[in-house]
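Sending over a structure as structure tokens; questions will come in a sec.
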């Protein structure tokens, strides 16, 4: 009888000890970002600059700066769909033709390794939705398609001029938040992504993810719905702003904290990387459709490509489509 | 008329090649004969209403003058506008209609419709010439269709057995291939700016509903206006002129010329001054707005569109007023014994 | 060196020969302008039956293009800037109009299949060259010669020609062209440095691919060319420019697999100093290899046929396009091709030629009318011009009001009419070349883009004005009544007024529809919580 009581007390005691939070710590120990393996195998990115005209230089450099960051972390060119609505580097107003700089003393972002997939008039709402949903004209080359599958982590980055519930494309049409949500829902139904990160860097950008209710989507924005977003730096030589604050701090974070693919920086660190005193606007986060704890998700799940290989047992014939 | 069938092209190629100096005289001849036919028709109407000889003469003169000295008609003749021929057809149909020659009238309506399908609604006027017999009316419709088909066949042969003219001439302004308005240029009509601005995915819906509305309208109007063929003809003619796909200002000249024939209704028209003033003002404004939009770039397309839409609304109001005066006059006739001249009345629909 | 041996061994095994030649021509045009022409040629002889998908130096993607679309010959050019015919002479061949140009000759079963094939080919080129030319104005089968390198006539092949004047060309296109070369990182291609090349007066690039088959033995060829005219390539020296000055970098390596790597420098009298760096040993030593280009005024300027386009008319409805062609000092046969896009309508009866001197020569005219909505029209003329004669092709046109979605994003900028292509063949010799006039920017009439809903409402209201009374009068009787108070009507009006007042208030206070929606949603959420 005594033994039974003893065991009972021990169990109660252990329960009490575990309930104090030790259990959580143990869980964390085995579940830190460095150790848990995300179940995706490939990474894709859609980087969109929606603004036309020379004075929107900063939107082009936003996209290019992010492009170089994710390329450094291993996402190959073939997995990045880049849309630039204005030809800024070879614009006749550019005093340094063929180059784009995101900072006065920075490096040229438009070196010879840049691949732009959609440019100029091809950057339309229709084409953007087609990329996401994968419904293209059959002639569309592979470099212009988002060939994701159920194991792909997708990063969608939108920059440009936005308003409450829309994003302006090319100064002539709008992508509404409902359009974006439907496109993502279609992707989900077609099993075209595993996890998705949507970033909108524009004024009132929190409204862009308002309607998204597909699972496994984490959404970030540079400002809340009633706020404007601000640019960071002006280059007096060329007379335009060269980068936006949110993207500047994003790229800064990636280059400082995420030096390599095995970095253990987590998404919460990234979300905190641009506080209101730096960004001059409150960044928006939407986690309710994202089941994981962002503290346990590595930044490189979205911004890098781990190139996880899988063994195939069956034989695969590569058809002409593959080589086109 | 924006797209023309091969027959017209052949005729005008011949005219341009062989008799280029005679072009203006031909146009003037057609214009004057239009006025003459209209005045003959007016005199005939007045005679059949047992008016005095002097009144008959006067109405003939009046109609002739209103048509022939209308500045828009004169200018249209001067610039060799094809609407002169349309008005000629219109006047001929009117003359045949009032002089009670329905079969020739049906043939003429059918052949005119082979150039552009819109005037075919005029065939409904022949209800008044069928003495209440449905069979007779249907035979007129068939006659119209046969003459339409004959002209179509002629066009087909002239085009070398190729039917590629069908799409631009008929289908581009009618159903299915979705009344594309594929190249719609600014005109004084009601459609042009609408089909420039409409969203692509709604285009076929709106084109189809507009066309269905247009071809459906004669049915209720014919049921409504059973006692006055002249008023009925005027209303149908005016609607055809308003909803023409590529109208010009000259399109309504003939209708304006035969308006004096509606003299019995004159006291019941409610918005005479308003409509007349609006039409005159908008016609004056149109070239100014055009200049501001196209030449000096000090205004945009909305200015010209504003003038045309107000012009069209004025014409539509004229049609509505005509329908009202008919009902109003029926009341007068019905209650003529109980109503005194100065009784103030209010109306309601039952 | 070992790779080379392996390559040769592989090649011998398959009966396959491939060659790669590179060449750069440096020609001073005046004391502060330098013309640079890069030419990279690749060819591949193979047996179509024993073809083994082995590629040594020839780019595989090009062979895929050639085979997949049964291309006999394809020319793609991209250019920016204006070639100064007066000062610079004959432009680099195939000559490039501003923007992008595609001329393809290929096999197909019939015309429709060929059109579809061209559509796919253009998209494939977008992928290969990183361009965005999907909206190119494609013309079916030009009758006359458009480009000098597509001179031969063959009836069996389908020809498709398209020009897109608004296309920009930038670093990404150059990168893709470089990727086609056998030597991407060494040899002359190291001098293809974007920032210097695009900081220039004029730059053009082209890709020409062709394939010829004799029975089963096939020969595929590719030429990649980049031409640049630089102003003040270097401030350092007044007597000569060095490669390092011009390209901002040194030629530090050789392309070992190339058959030849030639640097030609053109001197004052047109003499050519040629160096083959393939055989030099000192290229990567302490003293880097260097070439000096004399800074001179070229004394002997070749005479060249000149062409330019101009636009007349001051309003947004009508306009006149004039193509001026001036012959040089000997008789020549001239082919003029002008593409007219769908957004301007020609006045065919008023198109005419006007010439000075002996008047208008006999002109052979070809006209390919546009069929279907957005297909362009092609005007082609063949005429013989006497020495020094100037002729003008006058083309009056009506600008079209387009549908809202047919306008480009900034419609007020205008839309381009592509430049006319002028092919010149000398009567006395076989000398032939093509030039391009300038592209024209036409201002089209534009609707107001900001208010489609207003227009739709107004016109629909006008239709309702017709429909309403007709419906009313045809279904009801009009009858006289004694006046009564109508409460229902009044309430109805009050509600309408209230809605209008709210709309006005929202408008004045800048209240967004989405904010109103959010407010309602918040209220509903609160109600849910109350439960």
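FYI, it's all coordinate maths here, none of it is from the lab. The structure presented is a predicted model; accordingly, all values stated were derived computationally and were not measured. Cβ coordinates were reconstructed from backbone atoms using ideal geometry, including for glycine residues, and neighbour counts include every protein chain displayed.
Most exposed first by the Cβ proxy, i.e. fewest other Cβ within 10 Å, how do B:202, B:64 rank? Could the numbers behind the result be given before it?
Numbers: B:202 10, B:64 21.
Starting with the residue having the fewest Cβ neighbours, the order is B:202, B:64.
For n ≥ 4 DSSP H runs only, could you compute -39500 (n - 2.57) per run for chain A, divide by its residues and tell me the 222 nm figure to the nearest 500? The partial results should precede the final answer.
Working: 10 runs with 92 residues, N = 324.
Rounded to the nearest 500, it is -8000 deg cm²/dmol.
Right, next: Can you tell which of B:41, B:150, B:91 shows the greatest fluctuation in a Gaussian network model of chain B with Cα springs below 10 Å?
B:150
Could you work out how far apart the two model spin labels at residue A:105 and residue B:276 are, taking each label as a point 7 Å from the Cα in the direction of the beta carbon, and quote it in nm?
If labels sit at residue A:105 and residue B:276, their model points lie 8.3 nm apart.
For peptide C:462-469, compute the average count of partner chain beta-carbon atoms within 10 Å of each residue's beta-carbon. Kindly include the intermediate steps, with their values, before the conclusion.
Numbers: counts 9, 9, 1, 6, 14, 4, 1, 7.
Taking all residues of C:462-469 together, the mean is 6.
Output the peptides B:233-244, B:21-32 sorted from most to least packed, where packing is the average of other Cβ atoms within 10 Å over each peptide's residues.
Details: B:233-244: 23.5, B:21-32: 14.0.
Per-residue mean Cβ counts within 10 Å order the peptides as B:233-244, B:21-32.
Kirkwood hydrodynamic radius (Cα pairs, Å) of the range B:212-350?
On the way: mean 1/r = 0.0587 Å⁻¹.
Computed over the range B:212-350, the radius equals 17.0 Å.
I need A:194, C:507 ordered by Cβ neighbour count within 10 Å, fewest first. Present the calculation step by step, with values, prior to reporting the outcome.
Numbers: A:194 20, C:507 9.
Taking fewest neighbouring Cβ atoms as first place, the list is C:507, A:194.
Suppose we take every Cα in the range C:459-531 and form the convex hull; what volume per residue is that in Å³? Walk me through the numbers before you get to the answer.
On the way: hull volume 15.1 nm³, N = 73.
Measuring per residue, one finds 207 Å³ for the Cα hull of the range C:459-531.
Starting from the Cα-Cα distance between residue C:45 and residue C:461, subtract it from 0.36 nm times their residue separation and give me the gain in nm to one decimal. Don't jump to the answer; show the numbers that get you there.
Details: separation 416, 0.36 × 416 = 149.76 nm, distance 7.08 nm.
This chain segment gains 142.7 nm when fully extended.
I want to make sure I understand the PRE zone here: with the label point 7 angstrom from the Cα of residue A:92 toward its beta carbon, which residues in the range A:216-246 have backbone N atoms less than 20 Å away?
Answer for this model: A:238-240.
Could you work out, for the range C:306-442, what percent of all Cα-Cα pairs fall into each 5 Å distance bin, beginning at 0 Å and stopping at the bin that holds the largest distance?
Calculated P(r), rounded to whole percents: 2, 9, 19, 22, 18, 12, 8, 5, 3, 1, 0.
Mean separation of Cα pairs under 8 Å and 6+ residues apart, divided by the residue count of the range B:6-268: what relative contact order is that in percent? Spell out each step's value before the answer.
Values: 284 pairs, mean separation 57.2, N = 263.
In percent, rounded to a whole number, it is 22.
If r is the Cβ-Cβ distance from residue B:19 to residue B:288 and R0 is 35 Å, what FRET efficiency results, to the nearest 0.05? Walk me through the numbers on the way to the answer.
Details: r = 37 Å, r/R0 = 1.05.
Plugging the Cβ-Cβ distance into 1/(1 + (r/R0)^6) gives 0.45.
Let me ask something else about it. Please report the equivalent ellipsoid semi-axes of the range A:42-307, computed as sqrt(5 x eigenvalue) of the Cα gyration tensor, largest first, in whole Å. Show your work: numbers first, answer last.
Values: eigenvalues 121, 90, 72 Å².
Value: 25, 21, 19 Å, ordered largest first.
If you bin the C-alpha pair distances of the range A:168-324 every 5 Å from 0, what whole percents do you get?
With a bin width of 5 Å, the distribution comes to 2, 8, 14, 16, 18, 16, 11, 8, 5, 2, 1, 0.
Further, regarding this structure: Hey, if you drop one equal point scatterer on each alpha-carbon of the range B:1-115 and run the Debye formula without solvent, what base-10 log of I(q)/I(0) do you get at q = 0.17, 0.21 Å⁻¹?
Scattering profile of the range B:1-115, log10 relative to I(0): -0.91, -1.18.
Hey, another quick one. To one decimal place, what Kirkwood hydrodynamic radius in Å is obtained for chain B from all pairs of distinct Cα atoms? Each step should come with its number before you reach the end.
Working: mean 1/r = 0.0459 Å⁻¹.
One decimal place: 21.8 Å for the Kirkwood radius.
Label residue B:61 and residue C:494 with points 7 Å out from Cα along Cα→Cβ: what is the distance between them in nm?
6.1 nm
So, one more: Would you list C:253, B:113, A:61 from fewest to most Cβ contacts within 10 Å? Show your work: numbers first, answer last.
Values: C:253 17, B:113 23, A:61 31.
Least to most surrounded, the residues fall as C:253, B:113, A:61.
Quick check: Cα centre of the range B:49-83 to Cα centre of the range A:164-191, how many Å?
What the calculation gives is 61 Å, centre to centre.
First obtain the Kirkwood hydrodynamic radius of the protein assembly as shown from its Cα pairs, then insert it into the Stokes-Einstein equation at 25 °C and 0.890 mPa s, and state the resulting D in µm² per second as a whole number.
On the way: Rh = 36.1 Å.
For the chosen part, D equals 68 µm²/s.
Could you tell me the relative contact order of the range A:42-307? Use alpha-carbon pairs under 8 Å, at least six residues apart, and round to a whole percent.
Values: 603 pairs, mean separation 59.1, N = 266.
This gives 22 percent for the range A:42-307.
Given the Cα-Cα distance of residue C:215 and residue C:333 and 0.36 nm per residue of separation, how much length would full extension add, in nm? It would help to have the intermediate numbers written out before the result.
On the way: separation 118, 0.36 × 118 = 42.48 nm, distance 3.57 nm.
Result: 38.9 nm gained on full extension.
Something else: Give, in nm to one decimal, the length gained when the segment between residue C:268 and residue C:392 is fully stretched (0.36 nm per residue of separation minus the Cα-Cα distance).
Extending this stretch completely gives an extra 41.1 nm.
Something else: Rounded to the nearest 500 deg cm²/dmol, what is the calculated helix-only ellipticity per residue at 222 nm for chain C, with -39500 (n - 2.57) per DSSP H run of length n ≥ 4? Can you show the working numbers first?
Working: 10 runs with 128 residues, N = 531.
Using -39500 (n - 2.57) per qualifying helix, the result is -7500 deg cm²/dmol.
What is the distance, in nm, between label points placed 7 Å from the Cα along the Cα-to-Cβ direction at residue C:486 and at residue C:504?
2.3 nm
Could you rank the peptides C:509-519, B:321-331 by their average count of other C-beta atoms within 10 Å per residue, with the highest value first? Mind dumping the intermediate values first?
Values: C:509-519: 12.6, B:321-331: 19.7.
Final packing ranking: B:321-331, C:509-519.
Take residue A:294, project a point 7 Å from its Cα along the Cβ direction, then tell me which residues of the range A:256-276 have their backbone nitrogen under 18 Å from it.
Answer for this model: A:257-258, A:264-276.
Let me ask something else. In what sequence, highest mean first, do C:321-332, B:130-141 appear when ranked by Cβ atoms within 10 angstrom? Can you show the working numbers first?
Details: C:321-332: 18.9, B:130-141: 13.6.
My ranking of the peptides, most packed first, is C:321-332, B:130-141.
Out of A:313, A:222, A:78, any idea which swings most in a Gaussian network model of chain A, alpha carbons joined below 10 Å?
Result: A:313 has the largest fluctuation of those listed.
Evaluate 2.2 N^0.38 Å with N set to the residue count of chain C, then give the Cα radius of gyration divided by it. Show your work: numbers first, answer last.
Working: Rg = 31.5 Å, N = 531, 2.2 N^0.38 = 23.9 Å.
Cα-based Rg divided by the globular estimate yields 1.32.
Quick one: Debye curve from the C-alpha atoms of the range A:69-147, no solvent, what's log10 I(q)/I(0) at q = 0.16, 0.22, 0.26 Å⁻¹?
Once normalised to I(0) and log-transformed, intensities are -0.72, -1.11, -1.28.
If you average the sequence gap of Cα pairs under 8 Å that are 6 or more apart and divide by the length of chain C, what percent do you get for the contact order? Walk me through the intermediate numbers first.
Working: 1042 pairs, mean separation 82.7, N = 531.
Dividing the mean separation by the residue count of chain C yields 16 percent.
For peptide A:97-103, how many partner chain Cβ atoms fall within 10 Å of a residue's Cβ, on average? It would help to have the intermediate numbers written out before the result.
Values: counts 11, 11, 5, 1, 0, 0, 0.
Averaged over the peptide's residues, the number is 4.
Can you pull the mean other chain C-beta count within 10 Å for peptide A:140-146?
On the way: counts 6, 7, 2, 5, 5, 1, 0.
The shielding value for this peptide is 4.
Same structure again: Set the Förster radius R0 to 56 Å, insert the Cβ-Cβ distance between residue C:429 and residue A:211 as r into 1/(1 + (r/R0)^6), and round the FRET efficiency to 0.05.
On the way: r = 70 Å, r/R0 = 1.25.
The formula returns an efficiency of 0.20 here.
Compute the acute angle (0 to 90°) between the alpha-carbon long axis of helix A:2-17 and the principal axis of greatest extent of the alpha-carbon atoms of chain A; round to the nearest 10°.
20 degrees
Mind checking which of B:61, B:17, B:267 has the largest fluctuation in a GNM of chain B, springs on alpha carbons under 10 Å?
Among B:61, B:17, B:267, the largest GNM mean-square fluctuation belongs to B:17.
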